[in-house]
Amino acid sequence: MQSAIGIEQLKKLPTFILNRHANQERFKEYCLSQRWYYQHEPIGGYSSSFGCAFFTEEIEDVKRDFEDRGIDYRPIMSGNFTKSKSIDYYVHEIFDNLNNADWVERNGIFIGNHHYPIDWSFLD
């Protein structure tokens, strides 16, 4: 039963990917219009665009604005992982400092993407 459902879902995949890419392009345009640093496509690959990460020094203002508009966001998970209590369970060494990881943690958020077209009027 699960395989039959999976086979049918796979038929929808090309449309899902096209919709995600269209959504991501619109959000990228919005980020750039706001002068936010936007994470571009990975080098040497073509992402399925399941989400968008962006960065700005005014991230707290952006978070408040998004909350007022009902837009969900998440922290960048690749921020400074060494500040997590879970690091105690790993054997690790840190060389020099982690200034860039700290900056990402302070100034970035992640927004999920959908596989259906999004009405972007809430950004206007």
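Every number here is computed from the coordinates shown, using simple stated rules; none is lab data. Because the structure is predicted, anything quoted here is derived from the model rather than measured. Here the Cβ positions follow ideal geometry from the backbone for every residue, glycine too, while neighbour counts run over all protein chains shown.
A compact table of results
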item: Set of the range 13-30 residues, backbone N closer than 11 Å to the point 7 Å along the Cα-Cβ line of residue 115; result: 13-20
item: Principal axis dimensions, largest first and in whole angstrom, of the chain by Cα; result: 49, 40, 30
item: Neighbour-count order for 63, 28, fewest beta carbons within 10 angstrom listed first; result: 63, 28
item: Estimated inter-spin distance, residue 101 and residue 37, nm [label 7 Å along Cα→Cβ]; result: 1.7 nm
item: Extension gain, residue 22 back to residue 10 (0.36 nm per residue minus Cα-Cα distance, nm); result: 2.4 nm
